[in-house]
Amino acid sequence: MDFMRSIAIAASGLRAQAGRMRVIAENIANADSTAPSSGAEPYRRKIATFKTEVDRALDARIVTLGPVRTDPSEFRIKHEPGHPNADENGNVRYPNVNALVEMTDMREAQRSYEANINIIGASRRMIQRTIEILRS
Amino acid sequence: MAITDLPLFSMLRTRMHWHQERQRLLSQNVANADTRNYQPRDLAPLRFEPTRLASAAPMVLDRTAAGHFASMSGTSSRFEADAQTSYEVRPTGNAVNLEDEMIKVAANQMDYQAVTSLYTRSLGLIKTAIGRR
């Protein structure tokens, strides 16, 4: 049944977007995680990547979550002399997580997720129409 | 005589296969809406030509020994898929436009409904001819 394949492809999209949401949640949760000691680096923002994969059983190009990469941009630096991890100038390095960017990313993931759900609904209704031929 | 030997039914069946195949391609496009360098694909519109109707059965590889794998892509080779020309390509090289794809999915679904209704009606016609109604 070909419609089941459509649903399986859409499900691969759902899985990938859910994985992306997990990475975004990790970033937001760690937005203020400083380094364990003054010399070490704080939390570095992670970016989820997608890649197309040919599924032999489905005979289709599904999507999977690729390697999770880190954002090489600069850390945020705050002047907090009283902080236990402050360097000799009183600066503390905070993660390079920008809440606005994460929110935008989250919206995009949500939108793609909904699109995949719509595909599943459409395929399901088409299967239903096929079964209704029997009922006539 | 099988019911699929009637030209009307075989045409409707081909059309339903086409919509199935298109749904698969569209769901592929939506699933890959955030993949780098992905080009969306769509099916070429279905044209009914007398010569193609006669050879509607898909070409499949023959299995000459029991240990052979059954060929899988029997259905997908029937219709031509082509890369769409999209005017909107994102910096990551992805050219999927979610709104366009959703409209196509809705259109595909509605057309499929029309075909299944026609199929039901045609079955009803035959039933009338037999005299069961």
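The values are calculated or read from the model by the stated rules, or taken from the named source; none is laboratory data. Predicted, not measured: the structure shown is a model, and the values here were computed from it. Every residue, glycine among them, receives a Cβ derived from its backbone with ideal geometry; neighbour counts consider all protein chains shown. To get the accessible areas, we keep the full protein, side chains included, count just its heavy atoms, and leave off ligands, DNA and RNA. Shrake-Rupley method; radii C 1.70, N 1.55, O 1.52, S 1.80 Å.
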* Order these peptides, B:89-96, B:22-29, A:79-86, B:124-131, by their mean beta-carbon neighbour count within 10 angstrom, highest first. => B:22-29, B:89-96, A:79-86, B:124-131
* Asked: In sequence order, what are the phi-derived ³J(HN,Hα) couplings for segment B:23-33 according to the Karplus relation 6.51 cos²θ - 1.76 cosθ + 1.60 with θ = phi - 60°, rounded to whole Hz, with x for glycine and proline?
  -> 4, 5, 5, 5, 5, 4, 4, 5, 4, 9, 5
* Asked: At a 1.4 Å probe radius, carbon and sulfur cover how many percent of the accessible area of segment A:47-101?
  -> 53 percent
* Structure fact -> What helix-only [θ] at 222 nm does the protein assembly as shown give? Using -39500 (n - 2.57) per DSSP H run of at least 4, over all residues, to the nearest 500, the answer is -17000 deg cm²/dmol
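Between chains B and A, what is the buried accessible area in Å², counting both sides, with a 1.4 Å probe and ligands, DNA and RNA left out, to the nearest 100? Don't skip to the end; give the middle numbers.
Details: alone 9620 and 9200 Å², together 15770 Å².
What B and A bury together is about 3000 Å².
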* Asked: With Cβ to Cβ distances under 13 Å as the rule, what net charge do the other residues near B:Met102 carry (K, R +1; D, E -1)?
  -> -2
* Once the dipole of segment A:15-136 is set up with Lys and Arg at +1 and Asp and Glu at -1 on Cβ about the Cα centre, which of A:Ile131, A:Ala25, A:Gln110 lies farthest towards its positive end? -> A:Ile131
* To do: Using the heavy atoms of the protein chains and a 1.4 angstrom probe, tell me the accessible area per residue for chain A in square angstrom.
  => 57 Å²
* Once the Cα gyration tensor of segment A:24-66 is found, what semi-axes does its equivalent ellipsoid get, as square roots of 5 times the eigenvalues, in whole Å, sorted largest first? -> 37, 10, 6
* **Portion, in percent, of the accessible area of segment B:86-127 that falls on carbon or sulfur, probe 1.4 Å** => 65 percent
* Degrees between helix A:2-29 axis and first principal axis of chain A (Cα, 0 to 90, nearest 10) -> 10 degrees
* Structure fact -> Expected output for segment A:71-120, residues with a loss of 50 Å² or more in accessible area relative to the chain alone at probe 1.4 Å, reads A:Arg111, A:Ile119
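So for each of A:115-124, B:114-123, B:2-11 I average, over its residues, the number of other beta carbons within 10 Å; can you give me the resulting order with the highest mean first? List each step's numbers first, then the result.
Numbers: A:115-124: 20.4, B:114-123: 16.2, B:2-11: 12.5.
Put in order of decreasing packing, that is A:115-124, B:114-123, B:2-11.
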* **Under 16 Å from A:Lys78, Cα to Cα: aspartates and glutamates that are on another chain or at least 8 residues apart** => A:Asp32, A:Glu41, A:Asp87, A:Glu88
* **In sequence order, calculated HN-Hα J values of segment B:4-9 (Karplus, 6.51, -1.76, 1.60; Hz; x Gly/Pro)** => 6, 6, 5, x, 4, 5
* To do: Based on alpha-carbon positions alone, could you give the equivalent ellipsoid semi-axes of segment A:9-136 from the gyration tensor, as √(5λ), descending, whole Å?
  => 46, 15, 9
